[in-house]
1. In the stretch 148-162, which residue that is at pLDDT 95 or above and aliphatic (A, V, I, L, M) is farthest from residue 123 (Cα to Cα)?
2. Residue check, residue 116 against (1) over 27 Å from residue 183 (Cα atoms); (2) in a loop (DSSP other than H, G, I, E, B); (3) not aliphatic (A, V, I, L, M), all met but one. Which one?
3. Which residues, taken from the stretch 123-153, are under 20 Å from residue 80 (Cβ atoms) and among the hydrophobic types (A, V, I, L, M, F, W, C)?
4. Could you check, for the stretch 109-126, whether at least one of its residues is modelled with pLDDT of 90 or more and assigned by TED's automatic domain parsing to the domain that holds residue 69?
5. Residue by residue through the stretch 71-103, note down the ones that are under 12 Å from the mean Cα position of the chain (by Cα), over 17 Å from residue 124 (Cα atoms) and surrounded by 14 or more Cβ atoms within 10 Å (Cβ to Cβ).
6. What do you reckon, is residue 67 surrounded by fewer than 15 Cβ atoms within 10 Å (Cβ to Cβ) and modelled with pLDDT under 95?
Amino acid sequence: MILTGSEDLRVRRTIDSIKSVFEQMICEMDYGKIRVTELCNRAMINKKTFYVYYPTLDDLLAEIQTEYSAEYIERIKDYKLPDELDKVNREFFLFSEEKGLAYEKITCAGNESYHYIRSGMIKKVTTAGWSSSKKYGSLPEYQQTMLMNFVNNAVLGIYRQWIEEGKQQSVEEITRITNRLVLGGVREFFR
């Protein structure tokens, strides 16, 4: 349940507790091993309370990913694409670094549930970022799809590798490398 600020304090505490425990569990175990019973025990609520707010764990995961997307979209909303893709990429790495381990697991894990829900998050961010671009909008649909696949797969692939290798490079260095690789292709594409 996405909080609006007008909820009763008990409701806010309950939702915050559910999300906090869920993110802890994501860090500790595979998504498929997370059980509502254990989540409720850790959050000190009963299962009935959980189900009042979330029909399934997938709904809780989708809500958390929606919140991540909304926060990120807010950060990049004023950038003009493709001209400021370097800044968008930098924001992605800074944002990802701020979000921590649960975000990393959701973004990098190969788990089908993460993948299914993550693809919706990627689509939402892509649409928000690129929909106002005249250059992008003038492309045929198949080229728009190719461009998005290239940018998303390249940036997420580099991010995953960076995470898997223990973040050996600074955010600035990994952003610089990402931009050198990705921007060359995007700039050439729009020539």
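1. 158
2. Going through the list (1) over 27 Å from residue 183 (Cα atoms); (2) in a loop (DSSP other than H, G, I, E, B); (3) not aliphatic (A, V, I, L, M), residue 116 breaks only (2).
3. Of everything in the stretch 123-153, those that are under 20 Å from residue 80 (Cβ atoms) and among the hydrophobic types (A, V, I, L, M, F, W, C) turn out to be 125, 128, 130, 139, 147, 148, 150, 151.
4. The answer is no, given that none of the residues of the stretch 109-126 is modelled with pLDDT of 90 or more and assigned by TED's automatic domain parsing to the domain that holds residue 69.
5. Once the filter is applied, which keeps residues that are under 12 Å from the mean Cα position of the chain (by Cα), over 17 Å from residue 124 (Cα atoms) and surrounded by 14 or more Cβ atoms within 10 Å (Cβ to Cβ), the stretch 71-103 yields 93, 97, 99, 102.
6. So residue 67 fits the description; yes.
The values are calculated or read from the model by the stated rules, or taken from the named source; none is laboratory data. These figures come from a predicted structure and were not determined experimentally. Glycine gets a Cβ as well: all are built from the backbone with ideal geometry, and neighbour counts include every protein chain shown.
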